[in-house]
Amino acid sequence: MAIGVFDSGVGGLTVLRALRAALPDRDFVYLGDTARLPYGTKSAASVVRYAGQAADALVARGLSCLVIACNTASAVALPALRARYAPLPVLGVLEPGAAAACAVTRSGRIAVLATEGTVRAGAYERAIRALRADATVTAAACPLFVALAEEGWTGGQVVELVAQRYLEPLLTARPAPDVLLLGCTHFPVLAGAIAQVAGAGLTIVDSAATTARAVCGILGVADGRAHGRGTLRLLATDDVGRFARVGATFLREPIDPAAVELIDLAG
């Protein structure tokens, strides 16, 4: 059975890329709910409903594991999805991201860049403090980062100016953070521009590789030890051409629009 992965759009392809690197012989099916992105600006009730519909579509295809490659859905809908599909393993990206940040911070001061929904839920603060009670967590909502990533604008003056606007309050805070956690799966493709603005004093962390290791642990397999190449099925809820074009930046390999299946989750 395949490993299912879903996100509100193409950002979760960064997680899929890490999963395929860690589990090259496994089959994957990825769903991008591109018709309703971004989840980060939606109400919690809408996110829970959308996430449930996306998960239903994947689970119906037969899964060994379900990965929520969306920080907002992980923050808001993970408990409901775990209860709904038990005993199927259901993982989000939020807890692995928190673990990665706690593993590298020296001072315990962690800044989180996320969507409005993730920040509003306070989920990263809870997850980080559950691992390190003395941590100081500052979260900033960066909704324009999602739009820039979805447009394929991954660098240049416009991206750096937006990053400067979002990061300035974090960079000027005293005491300053030493870790910057990218709390949205869209943000890693902007990491170069974010790092340029952040400077050398901050360690940038994203949850993709940590999530892949967590999936390996749940499935009881060694990270990257397998051989062969599994299959990949890609699903989208709107404009498969755009999904393929923009998604190639996140997956770091070409995507044939004809290979992307268009599905309808409305209901």
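Considering region 1-42, and only residues there that are closer than 11 Å to residue 235 by Cα, touching a Leu at 6+ places or on another chain (Cβ under 9 Å) and among the β-branched types (Val, Ile, Thr), the residue that is surrounded by the fewest Cβ atoms within 10 Å (Cβ to Cβ) turns out to be 29. Taking first residues from region 240-261 that are within 9 Å of residue 10 (Cβ to Cβ) and partners that are surrounded by fewer than 22 Cβ atoms within 10 Å (Cβ to Cβ) and hydroxyl-bearing (Ser, Thr, Tyr), the Cβ contacts under 7 Å between residues at least 6 apart in sequence or on separate chains come to 249/154.
Determine which member of the set 181, 234, 170 is assigned to a strand (DSSP E or B), surrounded by 18 or more Cβ atoms within 10 Å (Cβ to Cβ), in contact (Cβ under 8 Å) with a residue 40 or more places away in the chain and not assigned by TED's automatic domain parsing to the domain that holds residue 50. Walk me through it before giving the result.
Details: 234 fails: not assigned by TED's automatic domain parsing to the domain that holds residue 50; 170 fails: assigned to a strand (DSSP E or B).
Answer to the check: 181.
Selection over region 255-266 of residues that are part of a loop (DSSP other than H, G, I, E, B) and surrounded by fewer than 10 Cβ atoms within 10 Å (Cβ to Cβ) gives a count of 1.
Screening residue 56 against (1) assigned to a helix (DSSP H, G or I); (2) in contact with a helix residue (DSSP H, G or I) (Cβ under 7 Å, 6 or more places away or on another chain) leaves a single unmet condition, (2).
When every residue of region 168-176 is checked against the conditions, none turns out to be within 21 Å of the chain's Cα centre (by Cα) and not basic (Lys, Arg).
Would you check if residue 259 is over 22 Å from the mean Cα position of the chain (by Cα), at pLDDT below 95 and farther than 16 Å from residue 65 by Cα? The answer is no for residue 259.
To keep it simple, each residue is scored yes or no on (1) of a type outside the set (Phe, Trp, Tyr); (2) at pLDDT 95 or above.
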{"site": "22", "(1), (2)": "yes, no"}
{"site": "42", "(1), (2)": "yes, no"}
{"site": "52", "(1), (2)": "yes, yes"}
{"site": "57", "(1), (2)": "yes, yes"}
{"site": "65", "(1), (2)": "yes, yes"}
{"site": "85", "(1), (2)": "no, yes"}
{"site": "100", "(1), (2)": "yes, no"}
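The values are calculated or read from the model by the stated rules, or taken from the named source; none is laboratory data. For clarity, every value in this text was computed on a predicted model and none was experimentally measured. Note that we place each Cβ from the backbone using ideal geometry, even for glycine, and neighbour counts take in every protein chain shown.
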